[in-house]
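*Asks:* Okay, handing you the structure first.
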Amino acid sequence: MSAATTTQPAVRFDHVTKDFGGGVLGLDEITVDFAAGAITVLLGLSGSGKSTMLRHINGLHRATKGDVTVLGRDVSMLSGRALRSLRRDIGVIFQSFNLIGPMSVLENVCTGQLGSLKGPRLSLMMYPRSVRREAMDKLERVGLANRAYQRADTLSGGQQQRVAIARALMQHPRVLLADEPVASLDPVSARDVMSLLKEISAEHQLTVISSLHQVQLAIDFADQIVGLRSGRVVLNRSTQGLDAVQASKIYDDVAGVGTREAAGGGPL
């Protein structure tokens, strides 16, 4: 497992509540630290608050109450140039890959540098040679250098997610957010992508925060699991030393199976 490189967390939620109005709480008094240089998985059912937490980290959502601190900066105090500066330190990969299909793989990876370049880029050759060279290096790292000039939409799902990882790495992020990065993939491709994220986290001391549904993937690849249910943290523990019985109980914790059965509601 990758180890935290500092005692100060990369990301901290301190009594964070997100009220969407109408009695809907996306987050409800969340307090949790995310260790620097480690992989943390947010585990929970759909609607449990996983994506909402990720959006608070890069400032797409603002807390109604409480504080979100990212890389030592209070997100609620940032706007304009300061917020853009923070976002350059935060890479994001998505379930749907968010690649531009007709564009070549290499040009898609080059777009990861757009936040640091001035002016539009209408073709691959409009990127500086240094950017194109680095993009090729990133494709080499994810095992797709031989697909550089292929249309992105001709790749398999697993390959497209590898391209998305290469694109995110072009930012030189300190934190990488992965919102359900393997939900669209078959089991083999899902494990390959999670394994790649684990390797890259260790190589770059990169803090990875990923939302998942799959308990076993979380156990196999994360350093820490944060379980969410209805916007609340119901589990926060290291994966080190997890045995089969404890692992099977994790799903019950995040799904509220025991709570429902105790109340006479039956299993989910």
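A short reminder: the numbers here are calculations on the coordinates, not readings from a lab. The structure presented is a predicted model; accordingly, all values stated were derived computationally and were not measured. We place every Cβ from the backbone using ideal geometry, glycine too, and count neighbours over all the protein chains shown.
*Asks:* Among (1) 0.99; (2) 0.95; (3) 1.21, only one was calculated for this model; which label is it, if the read-out is Rg/Rh (Cα atoms, Kirkwood Rh)?
*Replies:* Only one option fits the structure, namely (1).
*Asks:* Normalised by the number of residues in the range 1-147, what is the relative contact order in percent for Cα pairs under 8 Å and 6+ residues apart? Each step should come with its number before you reach the end.
*Replies:* On the way: 168 pairs, mean separation 26.8, N = 147.
In percent, rounded to a whole number, it is 18.
*Asks:* Quote the relative contact order of the range 126-207 in percent (integer), defining contacts as alpha-carbon pairs under 8 Å separated by 6+ residues.
*Replies:* This gives 28 percent for the range 126-207.
*Asks:* Which one, 157, 101, 246, is farthest towards the positive end of the dipole of the chain when Lys and Arg carry +1 and Asp and Glu -1 on their Cβ?
*Replies:* 101
*Asks:* What helices does the chain have that are whole DSSP H segments, at least 20 Å long along their own axis by Cα, and with mean Kyte-Doolittle hydropathy of -1.0 or more?
*Replies:* 187-204
*Asks:* Considering only 9, 181, 116, whose Cα is most displaced toward the positive end of the charge dipole of the chain, charges sitting on Cβ of Lys, Arg (+1) and Asp, Glu (-1)?
*Replies:* 116
*Asks:* Please check: in the Gaussian network model of the chain (C-alpha springs, under 10 Å), which one of 64, 52, 17 has the largest mean-square fluctuation.
*Replies:* 64
*Asks:* At 7 Å along Cα-to-Cβ for each site, give me the label-to-label distance between residue 129 and residue 7 in nm.
*Replies:* Inter-label distance under the simple model: 4.9 nm.
*Asks:* Something else: Rounded to the nearest 500, what is the 222 nm mean residue ellipticity of the chain from helices alone, with -39500 (n - 2.57) per DSSP H run of 4+ residues and division by all residues?
*Replies:* Numbers: 9 runs with 92 residues, N = 268.
It lands at -10000 deg cm²/dmol.
*Asks:* Note down the relative contact order for the range 15-73 as a percent, whole number, built from C-alpha pairs under 8 angstrom at least six residues apart.
*Replies:* Values: 61 pairs, mean separation 23.6, N = 59.
Over the range 15-73, the number comes to 40 percent.
*Asks:* Summing Lys, Arg as +1 and Asp, Glu as -1, what charge do residues with Cβ under 14 Å from the Cβ of residue 202 carry, residue 202 excluded?
*Replies:* Numbers: positive: 141, 198; negative: 199, 203, 223.
It works out to a net charge of -1.
*Asks:* Run a plain Debye calculation on the range 24-119 (Cα atoms as equal point scatterers, no solvent) and give log10 I(q)/I(0) at q = 0.18, 0.19, 0.21 Å⁻¹, rounded to two decimals, same order as the q list.
*Replies:* Log10 of I(q)/I(0), two decimals: -1.03, -1.11, -1.24.
*Asks:* Can you compute the charge dipole magnitude of the chain about its Cα centre, using +1 on each Lys and Arg Cβ and -1 on each Asp and Glu Cβ, nothing else charged? Give it in debye, rounded to the nearest 20.
*Replies:* 1080 debye
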